[in-house]
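Working notes, structure below.
The values are calculated or read from the model by the stated rules, or taken from the named source; none is laboratory data. Predicted model only: the values in this text are computed from it and were never measured. Positions of Cβ are generated from backbone atoms using ideal geometry, with glycine treated the same way; all protein chains shown enter the neighbour counts. What goes into the accessible areas is simple: the full protein's heavy atoms, side chains included, and nothing from ligands, DNA or RNA. Shrake-Rupley method; radii C 1.70, N 1.55, O 1.52, S 1.80 Å.
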Amino acid sequence: MKIDLTDTTSSKINKALVQGRRAIGTPAVGMVLTLVIVTDEENQYDALRAADEASREHPSRKLVVVKRVSRSARERSKARLDAEVRVGADAGTGETVVLRLYGEVIDHAQSVVLPLLLPDAPVVVWWPVNAPVNPAKDALGKLAQRRVTDTHAAENPTEELTVRADAYTPGDTDLAWTRITPWRSMLAAALDQVDCAVTSVEVEGEQHNPSSELLAMWLADRLHVPVRRSVSSGPGLTAVRLETSCGPISLHRADGSLATLSIEGQPDRAVALKRRGTSELIAEELRRLDPDDIYASALRFGVERLAGAADTSSGASNGSGASGSDAADSAAAGQAKKAPAKKAASK
(Lines give C-alpha, C1' and ligand atoms only; values in the text may rest on other atoms or scores of the structure.)
Protein backbone atom coordinates (compact mmCIF):
# COMPACT_ATOMS: atom_id res chain seq x y z
CA MET A 1 0.00 0.00 0.00
CA LYS A 2 1.31 3.43 -0.98
CA ILE A 3 0.11 6.84 0.17
CA ASP A 4 1.41 9.97 -1.59
CA LEU A 5 1.49 13.24 0.35
CA THR A 6 2.38 16.56 -1.30
CA ASP A 7 3.47 19.67 0.60
CA THR A 8 2.93 17.85 3.86
CA THR A 9 4.16 17.78 7.47
CA SER A 10 5.60 15.18 9.84
CA SER A 11 2.28 15.06 11.72
CA LYS A 12 0.36 14.16 8.56
CA ILE A 13 2.94 11.50 7.71
CA ASN A 14 2.50 9.87 11.12
CA LYS A 15 -1.26 9.83 10.63
CA ALA A 16 -0.81 8.23 7.20
CA LEU A 17 1.35 5.50 8.76
CA VAL A 18 -1.35 4.70 11.31
CA GLN A 19 -4.04 4.66 8.62
CA GLY A 20 -1.94 2.42 6.41
CA ARG A 21 -1.36 -0.11 9.19
CA ARG A 22 -5.06 -0.22 9.99
CA ALA A 23 -5.95 -0.63 6.33
CA ILE A 24 -3.79 -3.74 5.94
CA GLY A 25 -4.87 -5.15 9.31
CA THR A 26 -1.62 -4.76 11.29
CA PRO A 27 -2.20 -1.97 13.83
CA ALA A 28 0.71 -3.05 16.05
CA VAL A 29 4.23 -1.72 15.51
CA GLY A 30 6.58 -4.72 15.50
CA MET A 31 9.81 -3.02 14.45
CA VAL A 32 13.17 -3.07 16.22
CA LEU A 33 14.85 0.10 14.95
CA THR A 34 14.65 3.16 12.70
CA LEU A 35 16.94 3.18 9.68
CA VAL A 36 17.48 6.65 8.22
CA ILE A 37 18.91 6.60 4.68
CA VAL A 38 20.34 9.92 3.50
CA THR A 39 20.87 9.86 -0.24
CA ASP A 40 20.12 11.56 -3.55
CA GLU A 41 17.52 10.79 -6.17
CA GLU A 42 19.99 8.86 -8.31
CA ASN A 43 20.93 6.36 -5.60
CA GLN A 44 17.76 6.16 -3.51
CA TYR A 45 16.24 3.23 -5.44
CA ASP A 46 19.22 0.91 -4.94
CA ALA A 47 19.69 1.96 -1.32
CA LEU A 48 16.03 1.39 -0.47
CA ARG A 49 15.97 -1.97 -2.20
CA ALA A 50 18.98 -3.09 -0.15
CA ALA A 51 17.32 -1.83 3.05
CA ASP A 52 14.09 -3.66 2.19
CA GLU A 53 16.00 -6.93 1.79
CA ALA A 54 17.88 -6.36 5.05
CA SER A 55 14.58 -5.68 6.83
CA ARG A 56 13.69 -9.37 6.51
CA GLU A 57 16.23 -9.92 9.26
CA HIS A 58 15.73 -6.57 11.00
CA PRO A 59 12.10 -5.29 10.77
CA SER A 60 12.47 -1.52 10.79
CA ARG A 61 10.97 1.81 9.93
CA LYS A 62 12.95 3.13 6.97
CA LEU A 63 13.10 6.89 6.47
CA VAL A 64 14.65 7.82 3.13
CA VAL A 65 15.79 11.46 3.12
CA VAL A 66 16.19 12.77 -0.44
CA LYS A 67 17.41 16.36 -0.70
CA ARG A 68 16.11 17.81 -3.97
CA VAL A 69 17.91 20.79 -5.48
CA SER A 70 15.48 23.32 -6.99
CA ARG A 71 16.36 24.85 -10.36
CA SER A 72 15.48 28.49 -9.74
CA ALA A 73 16.26 30.89 -6.90
CA ARG A 74 12.55 31.46 -6.29
CA GLU A 75 11.90 27.72 -5.85
CA ARG A 76 14.92 27.35 -3.60
CA SER A 77 13.48 29.97 -1.25
CA LYS A 78 10.29 27.94 -0.74
CA ALA A 79 10.33 25.15 1.82
CA ARG A 80 8.33 22.05 0.88
CA LEU A 81 8.13 18.46 1.99
CA ASP A 82 6.70 15.67 -0.15
CA ALA A 83 6.35 12.14 1.19
CA GLU A 84 5.56 8.67 -0.04
CA VAL A 85 4.34 6.31 2.70
CA ARG A 86 4.64 2.58 2.07
CA VAL A 87 3.26 -0.17 4.28
CA GLY A 88 2.61 -3.86 3.78
CA ALA A 89 4.15 -5.68 0.81
CA ASP A 90 5.43 -2.41 -0.70
CA ALA A 91 7.66 -1.76 2.32
CA GLY A 92 9.35 -5.10 2.87
CA THR A 93 9.21 -6.08 6.54
CA GLY A 94 8.32 -2.87 8.33
CA GLU A 95 7.40 0.59 7.05
CA THR A 96 8.97 2.99 4.57
CA VAL A 97 8.66 6.75 4.24
CA VAL A 98 10.40 8.46 1.33
CA LEU A 99 10.91 12.12 2.24
CA ARG A 100 11.72 14.59 -0.54
CA LEU A 101 12.94 17.91 0.82
CA TYR A 102 12.89 21.17 -1.14
CA GLY A 103 14.17 24.67 -0.42
CA GLU A 104 15.15 25.78 3.06
CA VAL A 105 13.86 22.60 4.72
CA ILE A 106 16.91 20.79 3.27
CA ASP A 107 19.04 22.47 5.93
CA HIS A 108 16.69 21.28 8.69
CA ALA A 109 16.18 17.63 7.78
CA GLN A 110 16.51 16.59 11.43
CA SER A 111 13.34 18.52 12.32
CA VAL A 112 11.43 16.45 9.74
CA VAL A 113 12.95 13.12 10.77
CA LEU A 114 12.79 13.48 14.56
CA PRO A 115 8.95 13.19 14.91
CA LEU A 116 9.01 10.07 12.71
CA LEU A 117 11.50 8.05 14.77
CA LEU A 118 10.16 4.96 16.51
CA PRO A 119 9.88 5.64 20.26
CA ASP A 120 12.37 3.85 22.53
CA ALA A 121 14.10 2.17 19.57
CA PRO A 122 17.69 2.57 18.33
CA VAL A 123 18.42 4.75 15.33
CA VAL A 124 20.88 3.96 12.54
CA VAL A 125 21.80 6.53 9.88
CA TRP A 126 23.26 5.33 6.57
CA TRP A 127 24.85 7.50 3.88
CA PRO A 128 25.22 5.36 0.70
CA VAL A 129 26.94 8.32 -1.01
CA ASN A 130 28.10 11.84 -0.12
CA ALA A 131 28.69 11.14 3.55
CA PRO A 132 29.54 14.16 5.74
CA VAL A 133 33.13 14.72 6.81
CA ASN A 134 32.19 14.07 10.43
CA PRO A 135 29.05 11.89 10.63
CA ALA A 136 28.80 12.22 14.42
CA LYS A 137 28.49 16.01 14.16
CA ASP A 138 25.99 15.94 11.31
CA ALA A 139 22.48 17.03 12.32
CA LEU A 140 21.02 13.64 11.39
CA GLY A 141 24.06 11.74 12.67
CA LYS A 142 23.49 13.18 16.15
CA LEU A 143 20.18 11.31 16.31
CA ALA A 144 21.80 7.90 15.79
CA GLN A 145 23.56 5.28 17.88
CA ARG A 146 25.16 3.88 14.72
CA ARG A 147 26.41 5.82 11.67
CA VAL A 148 27.18 3.89 8.48
CA THR A 149 29.20 5.29 5.57
CA ASP A 150 30.80 3.70 2.50
CA THR A 151 34.33 4.79 1.64
CA HIS A 152 34.07 2.93 -1.66
CA ALA A 153 31.67 5.61 -2.93
CA ALA A 154 34.18 8.44 -2.32
CA GLU A 155 36.07 10.14 -5.16
CA ASN A 156 39.41 9.13 -3.59
CA PRO A 157 38.84 6.18 -1.23
CA THR A 158 42.38 6.14 0.16
CA GLU A 159 42.24 9.79 1.20
CA GLU A 160 38.73 9.23 2.55
CA LEU A 161 40.08 6.62 4.98
CA THR A 162 42.34 9.29 6.48
CA VAL A 163 39.36 11.64 6.81
CA ARG A 164 37.33 8.90 8.52
CA ALA A 165 40.19 8.20 10.93
CA ASP A 166 40.53 11.87 11.90
CA ALA A 167 36.78 12.23 12.52
CA TYR A 168 36.13 8.81 14.06
CA THR A 169 33.59 8.74 16.90
CA PRO A 170 32.42 5.53 18.64
CA GLY A 171 29.40 4.31 16.67
CA ASP A 172 30.92 5.09 13.25
CA THR A 173 31.40 2.23 10.80
CA ASP A 174 32.09 1.72 7.11
CA LEU A 175 30.72 -0.80 4.61
CA ALA A 176 34.26 -1.08 3.23
CA TRP A 177 35.12 -2.62 6.62
CA THR A 178 32.05 -4.86 6.62
CA ARG A 179 33.08 -6.31 3.25
CA ILE A 180 36.21 -7.89 4.74
CA THR A 181 34.52 -9.76 7.61
CA PRO A 182 34.73 -13.14 5.78
CA TRP A 183 38.40 -12.49 4.94
CA ARG A 184 39.25 -11.69 8.56
CA SER A 185 37.42 -14.77 9.81
CA MET A 186 39.13 -17.03 7.27
CA LEU A 187 42.62 -15.67 8.02
CA ALA A 188 42.13 -16.03 11.77
CA ALA A 189 40.91 -19.61 11.27
CA ALA A 190 43.98 -20.38 9.14
CA LEU A 191 46.34 -19.08 11.83
CA ASP A 192 44.50 -21.20 14.40
CA GLN A 193 45.72 -24.29 12.55
CA VAL A 194 49.45 -23.56 12.87
CA ASP A 195 51.85 -22.64 15.66
CA CYS A 196 54.09 -20.20 13.82
CA ALA A 197 55.29 -16.61 14.00
CA VAL A 198 54.09 -14.33 11.19
CA THR A 199 56.98 -12.26 9.79
CA SER A 200 55.43 -10.32 6.88
CA VAL A 201 52.16 -9.95 4.95
CA GLU A 202 51.10 -8.86 1.47
CA VAL A 203 47.53 -7.81 0.65
CA GLU A 204 46.56 -7.70 -3.01
CA GLY A 205 43.48 -6.00 -4.46
CA GLU A 206 42.13 -3.47 -6.92
CA GLN A 207 43.71 -0.03 -6.91
CA HIS A 208 40.73 1.98 -5.66
CA ASN A 209 39.43 -0.59 -3.18
CA PRO A 210 39.44 0.73 0.40
CA SER A 211 38.65 -2.73 1.77
CA SER A 212 42.14 -3.81 0.73
CA GLU A 213 43.68 -0.96 2.73
CA LEU A 214 41.50 -1.71 5.74
CA LEU A 215 42.41 -5.40 5.69
CA ALA A 216 46.11 -4.50 5.41
CA MET A 217 45.83 -2.02 8.29
CA TRP A 218 43.99 -4.59 10.43
CA LEU A 219 46.72 -7.18 9.85
CA ALA A 220 49.50 -4.67 10.54
CA ASP A 221 47.76 -3.40 13.67
CA ARG A 222 47.11 -6.87 15.12
CA LEU A 223 50.24 -8.75 14.04
CA HIS A 224 52.81 -5.92 14.35
CA VAL A 225 54.64 -6.99 11.20
CA PRO A 226 55.40 -5.21 7.89
CA VAL A 227 52.39 -5.32 5.56
CA ARG A 228 52.67 -4.55 1.85
CA ARG A 229 49.70 -3.33 -0.18
CA SER A 230 49.92 -4.33 -3.85
CA VAL A 231 47.56 -3.81 -6.79
CA SER A 232 45.80 -6.40 -8.93
CA SER A 233 43.17 -6.29 -11.66
CA GLY A 234 40.49 -7.46 -9.19
CA PRO A 235 37.65 -8.00 -8.71
CA GLY A 236 37.94 -6.44 -5.25
CA LEU A 237 40.32 -8.17 -2.87
CA THR A 238 42.21 -10.96 -4.62
CA ALA A 239 44.86 -12.36 -2.26
CA VAL A 240 46.53 -12.28 1.15
CA ARG A 241 49.94 -13.89 1.60
CA LEU A 242 51.50 -14.42 5.02
CA GLU A 243 55.13 -15.38 5.50
CA THR A 244 55.59 -17.40 8.68
CA SER A 245 58.34 -19.32 10.42
CA CYS A 246 56.60 -22.53 9.29
CA GLY A 247 56.22 -21.54 5.64
CA PRO A 248 53.84 -19.40 3.58
CA ILE A 249 50.08 -19.17 4.08
CA SER A 250 47.98 -17.72 1.28
CA LEU A 251 44.32 -17.02 0.64
CA HIS A 252 43.73 -16.35 -3.05
CA ARG A 253 40.45 -15.42 -4.75
CA ALA A 254 40.66 -14.81 -8.48
CA ASP A 255 37.00 -14.74 -9.51
CA GLY A 256 35.25 -12.92 -6.66
CA SER A 257 33.47 -16.10 -5.58
CA LEU A 258 35.67 -19.09 -4.72
CA ALA A 259 39.01 -18.82 -2.92
CA THR A 260 41.89 -21.21 -2.35
CA LEU A 261 43.50 -21.54 1.08
CA SER A 262 47.08 -22.81 0.99
CA ILE A 263 49.00 -23.73 4.16
CA GLU A 264 52.50 -25.19 4.10
CA GLY A 265 52.36 -28.96 4.69
CA GLN A 266 48.61 -29.21 4.10
CA PRO A 267 46.57 -29.82 0.94
CA ASP A 268 45.01 -26.78 -0.72
CA ARG A 269 41.38 -26.17 0.15
CA ALA A 270 38.62 -24.40 -1.77
CA VAL A 271 36.61 -22.04 0.44
CA ALA A 272 33.51 -19.98 -0.33
CA LEU A 273 34.39 -16.29 -0.28
CA LYS A 274 31.72 -14.65 -2.39
CA ARG A 275 31.51 -10.88 -2.80
CA ARG A 276 28.39 -9.83 -0.91
CA GLY A 277 25.65 -7.44 -1.94
CA THR A 278 24.78 -4.21 -0.13
CA SER A 279 21.74 -5.77 1.57
CA GLU A 280 23.91 -8.41 3.26
CA LEU A 281 26.38 -5.74 4.40
CA ILE A 282 23.64 -3.56 5.91
CA ALA A 283 22.05 -6.59 7.58
CA GLU A 284 25.40 -7.41 9.22
CA GLU A 285 25.86 -3.86 10.49
CA LEU A 286 22.37 -3.80 11.99
CA ARG A 287 23.18 -6.85 14.11
CA ARG A 288 25.28 -4.73 16.45
CA LEU A 289 24.80 -1.23 17.73
CA ASP A 290 27.79 -0.98 20.06
CA PRO A 291 31.09 0.70 19.06
CA ASP A 292 33.41 -1.40 16.90
CA ASP A 293 36.76 -1.03 18.67
CA ILE A 294 38.60 -3.32 16.23
CA TYR A 295 37.53 -1.16 13.28
CA ALA A 296 38.61 1.98 15.15
CA SER A 297 42.05 0.54 15.92
CA ALA A 298 42.63 -0.60 12.33
CA LEU A 299 41.42 2.70 10.88
CA ARG A 300 43.71 4.73 13.11
CA PHE A 301 46.73 2.65 12.14
CA GLY A 302 47.02 4.83 9.02
CA VAL A 303 47.25 4.06 5.31
CA GLU A 304 50.58 5.88 5.05
CA ARG A 305 52.24 3.27 7.31
CA LEU A 306 51.60 0.45 4.85
CA ALA A 307 54.47 -0.62 2.61
CA GLY A 308 53.60 0.31 -0.96
CA ALA A 309 50.70 2.57 0.07
CA ALA A 310 52.08 5.66 -1.70
CA ASP A 311 52.58 3.81 -4.98
CA THR A 312 49.16 2.22 -4.70
CA SER A 313 47.40 5.57 -4.41
CA SER A 314 49.33 6.97 -7.37
CA GLY A 315 48.41 4.05 -9.62
CA ALA A 316 51.58 1.94 -9.67
CA SER A 317 51.14 -1.80 -9.85
CA ASN A 318 53.36 -2.49 -6.85
CA GLY A 319 54.68 -0.43 -3.96
CA SER A 320 58.33 -0.11 -3.07
CA GLY A 321 58.29 0.21 0.72
CA ALA A 322 57.40 2.18 3.82
CA SER A 323 59.41 5.01 5.33
CA GLY A 324 62.60 3.99 7.14
CA SER A 325 61.34 4.64 10.67
CA ASP A 326 58.03 2.87 10.15
CA ALA A 327 59.70 -0.11 8.48
CA ALA A 328 62.20 -0.34 11.33
CA ASP A 329 59.45 -0.19 13.94
CA SER A 330 57.52 -2.92 12.15
CA ALA A 331 60.59 -5.10 11.69
CA ALA A 332 61.39 -4.84 15.41
CA ALA A 333 57.97 -6.30 16.16
CA GLY A 334 58.28 -8.96 13.46
CA GLN A 335 58.32 -11.89 15.86
CA ALA A 336 54.73 -11.28 17.01
CA LYS A 337 52.71 -14.48 17.23
CA LYS A 338 49.33 -15.31 15.77
CA ALA A 339 47.38 -14.71 19.01
CA PRO A 340 46.46 -11.09 18.32
CA ALA A 341 44.88 -12.07 15.01
CA LYS A 342 42.67 -14.63 16.72
CA LYS A 343 41.27 -12.06 19.10
CA ALA A 344 40.79 -9.53 16.31
CA ALA A 345 38.57 -11.76 14.27
CA SER A 346 35.56 -11.19 16.51
CA LYS A 347 33.87 -7.84 16.03
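Please work out how much length the chain gains when fully extended from GLU264 to ARG68, using 0.36 nm per residue of separation minus the C-alpha to C-alpha distance, in nm with one decimal.
Working: separation 196, 0.36 × 196 = 70.56 nm, distance 5.69 nm.
Full-extension gain reported as 64.9 nm.
Counting only helical runs of four or more DSSP H residues, what would the 222 nm mean residue ellipticity of the chain come to if each run contributes -39,500 (n - 2.57) and the total is spread over all its residues? Provide the component values of the computation, followed by the final result.
Numbers: 13 runs with 112 residues, N = 347.
Computed mean residue ellipticity for the chain: -9000 deg cm²/dmol.
Element breakdown for the range 248-303 at a 1.4 angstrom probe: carbon and sulfur atoms account for 50% of the accessible area.
Strictly over 26 Å apart at the Cα level, which of LYS15/LYS137; LYS62/LYS137; LYS12/LYS78 would you flag in this model?
Working: LYS15/LYS137 31 Å; LYS62/LYS137 21 Å; LYS12/LYS78 19 Å.
Beyond 26 Å: LYS15/LYS137.
With all protein chains in place and ligands, DNA and RNA left out, the 1.4 Å accessible area ranks SER297, SER230 as SER297, SER230, largest first.
Solvent exposure of ASP166, expressed as accessible area, is near 130 Å², computed with a probe of 1.4 Å over the protein chains only. Measuring r between the beta carbons of SER11 and GLN110 and using R0 = 22 Å, the FRET efficiency lands at 0.85.
Roughly how many percent of the accessible protein surface of the range 75-140 is carbon and sulfur, given a 1.4 Å probe and a whole-percent answer?
With neighbouring chains kept in place, the figure for the range 75-140 is 50 percent.
Solvent exposure of the chain amounts to 45 Å² per residue of accessible area, where only protein heavy atoms count and the probe is 1.4 Å. Accessible surface comparison of MET31, MET1, probe 1.4 Å, protein chains only, largest first: the order is MET1, MET31.
Here the range 1-69 exposes an accessible surface that is 48 percent carbon and sulfur, computed with a 1.4 Å probe and the other protein chains kept in place.
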